[in-house]
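**Student:** Handing you this structure, nothing more for now.
The values are calculated or read from the model by the stated rules, or taken from the named source; none is laboratory data. Please read all numbers here as calculations on a predicted model, not as lab measurements. Cβ coordinates were reconstructed from backbone atoms using ideal geometry, including for glycine residues, and neighbour counts include every protein chain displayed. For the accessible areas, the whole protein counts, side chains as well, though only heavy atoms, and no ligand, DNA or RNA atoms are used. Shrake-Rupley method; radii C 1.70, N 1.55, O 1.52, S 1.80 Å.
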Amino acid sequence: MEYILEMKDIHKSFGPVKVLEGIDFSLIQGEVRALLGANGAGKSTLIKIVGGVHSQTSGEVFLKGGKVAFKNEHDSKSHGISIIYQELSLVPALTVVQNMFLGRESAGAGGFLRKKEMYREYERICKDFDFDIDPHTVVSRLSIAKQQMVEIMKAVSWNADLVIMDEPTTSLTNNEKEGLFQIIGRLKEMGKSIIYITHILEEVFRVCDSASIMRNGKLVGSYDIEELTKAKITQLMTGNADSRIKDSKDYHYADYTAVPVLELKGVSRGNVVRDVDMKVYKGEVVGLAGLVGSKRTEIINLIYGIDRKTGGEILVNGKAVDIRSPQQAIAHRIGYIPEDRKNLGLILDQEIYKNATAVQVSRFRKHGLLNRNQEIHFAEDGVKKLGIKISSVTQKVKELSGGNQQKVVVSKWLGQDLDLIIYDEPTKGIDIAAKEDIFRTIQDFSSQGIGVIFISSDLEEVIRVSDRIMVIRDGTAVCEMENRDLTVQDIMNKIFNV
Ligand SMILES: Nc1ncnc2c1ncn2[C@@H]1O[C@H](COP(=O)(O)OP(=O)(O)OP(=O)(O)O)[C@@H](O)[C@H]1O
Ligand SMILES: [Mg+2]
């Protein structure tokens, strides 16, 4: 049997830190193989070796039987490997079509792929994906979901033999996901091989033939999909026989007798957000359910001073406020864990502890000087509470795995004196076992009387953490439900208005 890719006894260290230890990983033609493991297990590092981003400390890589050692990303690409990285790699200032064909302008016969061909090719790919974006749109103007789609289309259009996808669906709508799964099916029929990294186990059973599971830099094993169940995967990932996830809420701290910590009265922004009424009480967790694109984040942007409302009133602790910036929101004791961690939540080039203390830096200042030890102590506390996998809080955030970066965003708000905290898709990229760590922070805030707004596209999560659930559709709140014996189906019915 010929392997398309074969990795033998791969080791990788960053300085003294061992990240991969003796990994054997192989893939045959036409196989769709899931690569699974907890946050920080080493998945992205392994595929970055295939992509020529990192080189292994020791071990060998074979492509179609021939030994390879890629010098850089371009080298890997020219060997027929196409990768969608976890961190999107589009150039924000270029248009969609420019991004799609970046780096292969020379593919055409005359040295350059002709413009007309590029647009024709683009149209063809869009049709394949049932996707409709003007090719002239500058990428920075697209939502993260759309950018992710462009990234996927770009990777697939390279016509590679091996396509690797590192958490490709984190921002996609269900329709877009379905589109991707169909494409994967078609690629497979064409004899392409695919490595698929995800934390959403339903996707594994939907598209993969087999799965390799990693734990702490080692390979636990490779399995045919028929041998696996969700519970077995979780157990293999964590090494824990009993790593069941709770599925219902078992605490209630909402105080409906006091003035709401937050109230929206008929809040609008043009046609985007329309006439929204909302109340969040002390210690209450309000879940916002809705489709991707239902404008939940747009509502939050008005509360947080990122956008300006054009109508209605926002009250904090019963008083009308006019919040014009995130700084003012923080001054009103409102915290925010944004969906877009790379642009809004973190400074990747800074140390973990600097990021962790960024929103409450005055706490660590005395006589104008920052107390670095206190900052470090605070950051270490967050690391412990959230089980963040790092070697030291003085590491740069960009060195962390995707899921662990997300946890740093959450850790910033721990121990803050808040009245309200907003979680926008906080479990994106978080492994199934570690989700509980995030949920525990919600419980902690709630038990201290802090109101919580929780946004997630995963309705099971919304049911798991909320006291009350509001359904948002097309920029407006369409209904509100006590979270008592609600099922995913109940909420779906409201979302789709059936
Ligand atoms: N450039 C680097 N320098 C130091 N450590 C690194 C670097 N890149 C990755 N690591 C470490 O290697 C480990 C594995 O990270 P990796 O990104 O491969 O995890 P992952 O399995 O992809 O996790 P996730 O599911 O969170 O994306 C992590 O502990 C991470 O901090
Ligand atoms: Mg990763």
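**Student:** Any idea which of (1) touching a residue at least 24 places away in the same chain (Cβ under 8 Å); (2) open to solvent by 40 Å² or more (accessible area, probe 1.4 Å); (3) touching a Lys or Arg at 6+ places or on another chain (Cβ under 9 Å); (4) not polar (S, T, N, Q) is the one Arg324 doesn't satisfy?
**Tutor:** Just one mismatch for Arg324, condition (1).
**Student:** Since Phe101 meets every condition but one in (1) surrounded by 15 or more Cβ atoms within 10 Å (Cβ to Cβ); (2) in contact with a strand residue (DSSP E or B) (Cβ under 9 Å, 6 or more places away or on another chain), which condition does it not meet?
**Tutor:** Every condition holds for Phe101 apart from (2).
**Student:** Further question: List pairs: first in the range 385-396 and farther than 14 Å from Tyr353 by Cα, second modelled with pLDDT of 95 or more, Cβ under 6 Å, 6+ apart or cross-chain?
**Tutor:** Sorted first by the residue in the range 385-396, then by its partner, the list stays empty.
**Student:** Which of (1) part of a loop (DSSP other than H, G, I, E, B); (2) within 11 Å of ligand 1 (Cβ to nearest atom) is the odd one out, the single condition Lys398 does not satisfy?
**Tutor:** Going through the list (1) part of a loop (DSSP other than H, G, I, E, B); (2) within 11 Å of ligand 1 (Cβ to nearest atom), Lys398 breaks only (1).
**Student:** For the subset of the range 403-417 comprising residues that are modelled with pLDDT of 90 or more and open to solvent by 10 Å² or more (accessible area, probe 1.4 Å), which member is nearest to ligand 1 (Cβ to nearest atom)? Reasoning before the result, please.
**Tutor:** So in the range 403-417, the residues modelled with pLDDT of 90 or more come out as 403-414.
Adding the requirement that they be open to solvent by 10 Å² or more (accessible area, probe 1.4 Å) leaves 405, 412, 414.
On the way: Gln405: 8, Lys412: 18, Leu414: 19 Å.
Looking at residues that are modelled with pLDDT of 90 or more and open to solvent by 10 Å² or more (accessible area, probe 1.4 Å), I get Gln405.
**Student:** Also: Restricting to strands (runs of 3 or more DSSP E) lying wholly in the range 418-482: which have 1 or more residues that are open to solvent by 10 Å² or more (accessible area, probe 1.4 Å) and touching a strand residue (DSSP E or B) at 6+ places or on another chain (Cβ under 6 Å)?
**Tutor:** It comes to 468-473, 476-482.
**Student:** Quick check: is even one residue across the range 15-28 surrounded by 15 or more Cβ atoms within 10 Å (Cβ to Cβ), touching a residue at least 40 places away in the same chain (Cβ under 8 Å), in contact with a Gly (Cβ under 6 Å, 6 or more places away or on another chain) and of a type in the set (Asp, Glu)?
**Tutor:** Yes - at least one qualifying residue is present in the range 15-28.
**Student:** Further question: Can you tell me which of Asp75, Asp132 is open to solvent by 50 Å² or more (accessible area, probe 1.4 Å) and not polar (S, T, N, Q)?
**Tutor:** None of the other options fit; the residue is Asp132.
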